[in-house]
Amino acid sequence: MFEKHTILGVHITDRLKDALEVQRILTQHGNQVKTRLGLHEIDEAGKSGKNGLLILEMVGPDEGIRQMADKLNALDGIEVQSMVFKHTD
């Protein structure tokens, strides 16, 4: 059982431009991604917008999570924020 839940929010300002690189980084760290939820805007015409948001539930060592977040944050137009919920006994 995990001692905490680490949630990363990944805001992507240009999904079409950044999707391949974001996916490459997620694949490199895929053993630490427990849950992934992708959200994106829909424009007035019903088409996908440029902005997107990934919600990631992470597991495993903090160092690996930090490395993934750092790689994503290094990309122009990507912002990563985190939340950590610790379990109490």
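Please state which one of LEU8, LEU54, LEU16, LEU20 is free of Cβ contacts under 8 Å to residues at least 60 places away in the same chain and not in a helix (DSSP H, G or I).
From the options LEU8, LEU54, LEU16, LEU20, the qualifying one is LEU54.
Mind checking which residues of the stretch 68-89 are in contact with a helix residue (DSSP H, G or I) (Cβ under 9 Å, 6 or more places away or on another chain), outside any strand (DSSP E or B), surrounded by 12 or more Cβ atoms within 10 Å (Cβ to Cβ) and on the phi < 0 side of the Ramachandran plot?
Answer for the stretch 68-89, where residues must be in contact with a helix residue (DSSP H, G or I) (Cβ under 9 Å, 6 or more places away or on another chain), outside any strand (DSSP E or B), surrounded by 12 or more Cβ atoms within 10 Å (Cβ to Cβ) and on the phi < 0 side of the Ramachandran plot: MET68, LYS71, LEU72, LEU75.
If you take the residues of the stretch 18-60 that are among the basic types (Lys, Arg) and modelled with pLDDT of 90 or more, which of them is nearest to PHE85 (Cα to Cα)? Working first, answer last.
Taking the stretch 18-60 first, the residues among the basic types (Lys, Arg) are 24, 34, 36, 47, 50.
Keeping just the survivors that are modelled with pLDDT of 90 or more gives 24, 34, 36.
Working: ARG24: 27, LYS34: 15, ARG36: 17 Å.
This residue is LYS34.
Take the residues in the stretch 23-47 that are in a strand (DSSP E or B) and not β-branched (Val, Ile, Thr); name whichever of them is farthest from the chain's Cα centre (by Cα). First the steps, then the outcome.
Step one: filter the stretch 23-47 for residues in a strand (DSSP E or B), giving 33-42.
Now narrow it down to the ones that are not β-branched (Val, Ile, Thr): 34, 36-41.
Numbers: LYS34: 11, ARG36: 8, LEU37: 9, GLY38: 9, LEU39: 11, HIS40: 13, GLU41: 16 Å.
My answer is GLU41.
Condition check: open to solvent by less than 70 Å² (accessible area, probe 1.4 Å), of a type in the set (Asp, Glu) and either touching a residue at least 24 places away in the same chain (Cβ under 8 Å) or farther than 21 Å from HIS5 by Cα (or both). Does GLU41 satisfy that?
no
The values are calculated or read from the model by the stated rules, or taken from the named source; none is laboratory data. Keep in mind it's a predicted model, so treat the numbers as computed, not measured. Ideal geometry is used to build each Cβ from the backbone, glycine not excepted, and the neighbour counts take in all protein chains shown. To get the accessible areas, we keep the full protein, side chains included, count just its heavy atoms, and leave off ligands, DNA and RNA. Shrake-Rupley method; radii C 1.70, N 1.55, O 1.52, S 1.80 Å.
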